[in-house]
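Participant: What follows is a structure written as structure tokens; I'll ask about it next.
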Amino acid sequence: MLLSLPLSSLLVAVIVTLPLVASAGKPLNVSFPETPPSSALKNVVDDNFIGISWELSSFDTLWGKTVNTIPHAMQNYLHNIAVRISKPLRIRVGGNGMDGSTYVPNLSTFLEFIDPDAYFNDIPVKFGPIMFDVMNAMSDKIGPMQFTIGLSMRTPHDTKNVVALAVAAEKKFGDRLDSFLLGNEPDLYAGHGERWEYDIDTYVSEIGSTLDDLRDAGVLEKKVIGGPTICCGWNLSSILDAGLDQYPYKYYTIQRYPQHNCGGPTEKNTNISYFLDHTNVASYLNWQQEGMAKAQALDVPVLLTEYNTVACGGSNISSTFAATLWAIDVGLKAASVNYSAIYLHTREHDITYNLFDPPTPETSTESGWITGSPYYAALFLAEVTDSAGSVIIDLNLNNSNTYAGGTVSAYGVYDNGGATRGKLALLNFADDGSVPQIYRVPAGVAESLSIRVLKAPEVTERRNISWAGQTVGDNGDLQGEQETIELRCAEGCEIEVPGPGAALVFLGNSPYFTGNSTIAGVGGYLSGATLANPAWTFLVTSVIGVLVAALQ
């Protein structure tokens with residue numbers, strides 16, 4: 001990213017070497033109101049807004065089969081995110097496969113496959129308490145986590161296994177247990193042949209019976225239930241009206257993919273331009289708008305417990321930089337339209353939308369991991385929100401909410417629970433690395449800015465992606481010098497964001513993460529990870545020397 005300012009106003013924390021450009025896009029004036037709309041203050045999101053969702057059937061290949069074989073790479077991947085937030089990292093284990101799986105209390109292994117001919121989008125397993133041990137051990141290594149576990153509703157006439165799983169998880173996790181999601185995509189049960197002529201009234205009635213069984217087992221002494229985790233055919237509003245609003249739910253949950261690959265590649269699921277158009281994000285997220293309004297009136301948070309680009313394993317666009325920008329755009333937009341948390345979903349080895357992949361499913365304890373493009377979205381989003389809570393609004397820059405084919409979007413982030421302007425998130429979807437987009441920040445927004453850039457050479461790039469000057473290595477470690485550009489902006493300033501790319505702009509003294517977040521590898525534990533206040537991270541002397549030399 002290049003910064004176009006008078007020399008007297010320039011102050012840089014880390015020198016960034018970027019290619020010069022011949023020209024830049026027409027400047028766009030960023031209007032960032034001093035206070036958010038009163039309606040936006042109803043949704044203050046915590047700084048652990050971004051979570052990660054996992055399929056059960058491949059979970060042991062990513063987290064390790066025992067507490068002594070937890071992959072170093074995964075420790076680093078998760079710690080990179082955990083140190084950028086103050087609250088526990090959100091982890092959800094669920095999906096279609098878990099909905100059909102069986103908890104076996106005396107199983108001596110993490111999990112075992114039970115159907116060699118299972119459909120690849122619904123792989124059932126047997127799993128045991130080693131899963132809880134590994135999850136707790138990971139949290140011991142990387143820091144606080146909060147766990148969400150799926151409970152099946154496929155056999156509501158026999159809840160013994162569901163209750164056994166819930167009791168065991170609550171005992172093992174203790175305060176780390178955030179919630180149980182009761183049923184996964186029940187609106188697809190009939191279509192997938194799991195239930196016959198299944199409807200909302202039947203579902204809500206069976207939920208009541210299952211909750212009674214859980215209550216009798218002592219599981220519901222505090223609010224831990226989430227649902228309905230619908231994806232496709234039912235409306236949250238209708239489910240609430242049918243009686244779900246009478247149950248003591250901690251969260252209402254939905255999940256959604258904008259496209260699917262269940263029948264193979266199509267023109268729609270391989271259309272990269274869809275994921276580069278900001279106008280598509282609102283319709284993708286607002287499909288349950290009526291139900292979300294009712295949830296807000298009931299003071300029940302709504303979570304997007306699973307999202308990614310293309311369902312049924314992704315398509316050829318799911319591992320591109322376009323997917324990174326889309327996942328960020330969705331995350332920011334979700335916060336602005338009343339979601340309380342979102343979970344990027346990852347699956348078994350070689351799924352194109354994965355956040356990360358081991359060399360092979362059998363060699364996850366070795367280096368050689370591949371970082372998927374969506375992981376960079378998680379890194380970016382982890383730095384957006386504030387430890388005291390944030391309110392995020394879509395600034396509708398250049399009429400981006402209605403301008404189909406536009407190449408920009410921008411968000412304002414109010415920190416301290418929405419009380420103060422804290423950050424700007426600026427996205428440039430243009431696929432021309434030689435032409436950045438200028439974003440003009442007016443006078444009076446902040447005395448100074450600290451800017452971090454996410455970039456790649458083109459939207460189809462899959463590996464050469466960097467966040468704040470760093471790329472993720474094959475052991476989940478961030479490599480390269482961390483880059484933050486500082487500048488004075490009291491009288492206004494211009495920011496150039498590469499196309500394609502995104503910038504996270506910290507206003508004034510808003511803290512940002514600095515340090516080495518790698519905790520596992522050849523060198524062992526590396527300390528020094530902190531949240532930095534820009535006031536004492538400026539490297540002024542180095543900057544002055546470079547600038548003077550450049551002007552001679």
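The values are calculated or read from the model by the stated rules, or taken from the named source; none is laboratory data. Just so you know, these numbers come straight off a predicted model, no measurement behind them. Neighbour counts run over all protein chains shown; Cβ positions are idealised from the backbone, glycine included.
Participant: Looking at E383, E458, E447 in this structure, which one is touching a Lys or Arg at 6+ places or on another chain (Cβ under 6 Å) and acidic (D, E)?
Facilitator: Answer to the check: E383.
Participant: If we scan the stretch 444-462, do we find a residue that is crowded, with 23+ Cβ neighbours inside 10 Å and free of Cβ contacts under 8 Å to residues at least 60 places away in the same chain?
Facilitator: Taking every residue of the stretch 444-462 in turn, at least one turns out to be crowded, with 23+ Cβ neighbours inside 10 Å and free of Cβ contacts under 8 Å to residues at least 60 places away in the same chain.
Participant: Residues that are in a helix (DSSP H, G or I), on the phi < 0 side of the Ramachandran plot and not polar (S, T, N, Q): does the stretch 98-114 have at least one?
Facilitator: Yes, the stretch 98-114 has at least one match.
Participant: If you don't mind, another one. Could you please let me know if S409 is under 30 Å from G476 (Cβ atoms), touching a Leu at 6+ places or on another chain (Cβ under 9 Å) and surrounded by fewer than 24 Cβ atoms within 10 Å (Cβ to Cβ)?
Facilitator: No; evaluated as a whole, the condition is false for this residue.
Participant: Answer yes or no as to whether N316 is surrounded by fewer than 24 Cβ atoms within 10 Å (Cβ to Cβ), in the same structural domain as G291 (by TED's automatic domain parsing) and either in contact with a Pro (Cβ under 7 Å, 6 or more places away or on another chain) or not hydroxyl-bearing (S, T, Y) (or both).
Facilitator: For N316, the condition - surrounded by fewer than 24 Cβ atoms within 10 Å (Cβ to Cβ), in the same structural domain as G291 (by TED's automatic domain parsing) and either in contact with a Pro (Cβ under 7 Å, 6 or more places away or on another chain) or not hydroxyl-bearing (S, T, Y) (or both) - is met.
Participant: Hey, any hits in the stretch 182-192 for a residue that's crowded, with 16+ Cβ neighbours inside 10 Å, in a helix (DSSP H, G or I) and charged (D, E, K, R)?
Facilitator: The answer is yes; a qualifying residue exists.
Participant: Let me ask something else about it. Output the residues belonging to the stretch 321-338 that are surrounded by fewer than 24 Cβ atoms within 10 Å (Cβ to Cβ) and either in contact with a Lys or Arg (Cβ under 9 Å, 6 or more places away or on another chain) or more than 17 Å from S283 (Cβ to Cβ) (or both).
Facilitator: N338
Participant: What are the residue pairs meeting all of these: first residue in the stretch 469-485, first residue touching a residue at least 60 places away in the same chain (Cβ under 8 Å) and not assigned by TED's automatic domain parsing to the domain that holds P359, second residue crowded, with 17+ Cβ neighbours inside 10 Å and among the acidic types (D, E), Cβ atoms under 6 Å, and 6 or more apart or on different chains?
Facilitator: G469/E483
Participant: Is there a residue being surrounded by fewer than 23 Cβ atoms within 10 Å (Cβ to Cβ), of a type in the set (A, V, I, L, M, F, W, C), at pLDDT 95 or above and assigned to a loop (DSSP other than H, G, I, E, B) anywhere in the stretch 388-403?
Facilitator: So far as the stretch 388-403 goes, yes, one or more of its residues are surrounded by fewer than 23 Cβ atoms within 10 Å (Cβ to Cβ), of a type in the set (A, V, I, L, M, F, W, C), at pLDDT 95 or above and assigned to a loop (DSSP other than H, G, I, E, B).
Participant: Next question. Name the single residue, out of those in the stretch 413-438 being surrounded by fewer than 24 Cβ atoms within 10 Å (Cβ to Cβ), within 30 Å of I272 (Cβ to Cβ) and not hydrophobic (A, V, I, L, M, F, W, C), that is modelled with the lowest pLDDT.
Facilitator: Going through the qualifying residues, I end up with S434.
Participant: Somewhere in the stretch 210-226, is a residue buried (at least 20 other Cβ atoms within 10 Å of the Cβ), in contact with a Leu (Cβ under 7 Å, 6 or more places away or on another chain), aliphatic (A, V, I, L, M) and closer than 25 Å to W287 by Cα?
Facilitator: yes
Participant: It is to be established whether one or more residues within the stretch 350-364 are farther than 28 Å from A40 by Cα, among the charged types (D, E, K, R), at pLDDT 95 or above and assigned to a loop (DSSP other than H, G, I, E, B).
Facilitator: Checked against the condition, which is being farther than 28 Å from A40 by Cα, among the charged types (D, E, K, R), at pLDDT 95 or above and assigned to a loop (DSSP other than H, G, I, E, B), the stretch 350-364 yields at least one hit.
Participant: Limited to the stretch 331-346, what total is found for residues that are in contact with a helix residue (DSSP H, G or I) (Cβ under 6 Å, 6 or more places away or on another chain) and either of a type outside the set (K, R) or assigned to a loop (DSSP other than H, G, I, E, B) (or both)?
Facilitator: Total satisfying the criteria: 6.
Participant: In the list P105, P129, which residue meets the criterion of being loosely packed, with under 14 Cβ neighbours inside 10 Å and in contact (Cβ under 8 Å) with a residue 40 or more places away in the chain?
Facilitator: P105
Participant: Can you pull out the residues in the stretch 37-90 that are acidic (D, E), outside any helix (DSSP H, G or I) and farther than 26 Å from Y512 by Cβ?
Facilitator: E55
Participant: Out of the residues in the stretch 162-181 meeting the condition of being in contact (Cβ under 8 Å) with a residue 12 or more places away in the chain, over 11 Å from P105 (Cβ atoms) and small (G, A, S), tell me which one is surrounded by the most Cβ atoms within 10 Å (Cβ to Cβ).
Facilitator: Step by step, filter the stretch 162-181, then rank; the result is A166.
Participant: While we're looking at this one, here's another question. When you scan the stretch 469-523, how many residues do you find that are closer than 30 Å to I70 by Cβ, among the acidic types (D, E) and surrounded by fewer than 20 Cβ atoms within 10 Å (Cβ to Cβ)?
Facilitator: 2
Participant: Considering only the stretch 459-474, how many residues are at positive phi and under 19 Å from the mean Cα position of the chain (by Cα)?
Facilitator: Adding up the residues that qualify gives 1.
Participant: Scan E185, E197, E221 and give me the residue that is in contact (Cβ under 8 Å) with a residue 60 or more places away in the chain and among the acidic types (D, E).
Facilitator: E185 is the lone residue from the list that is in contact (Cβ under 8 Å) with a residue 60 or more places away in the chain and among the acidic types (D, E).
Participant: Here's a check for you: in the stretch 420-445, which residue that is in contact with a helix residue (DSSP H, G or I) (Cβ under 9 Å, 6 or more places away or on another chain) and assigned to a strand (DSSP E or B) is farthest from T320 (Cα to Cα)?
Facilitator: So, considering only residues that are in contact with a helix residue (DSSP H, G or I) (Cβ under 9 Å, 6 or more places away or on another chain) and assigned to a strand (DSSP E or B), the one farthest from T320 (Cα to Cα) is G422.
Participant: Let me ask something else about it. Could we say that K42 is more than 25 Å from the chain's Cα centre (by Cα), more than 24 Å from R154 (Cβ to Cβ) and either surrounded by 22 or more Cβ atoms within 10 Å (Cβ to Cβ) or not aromatic (F, W, Y) (or both) here?
Facilitator: No; evaluated as a whole, the condition is false for this residue.
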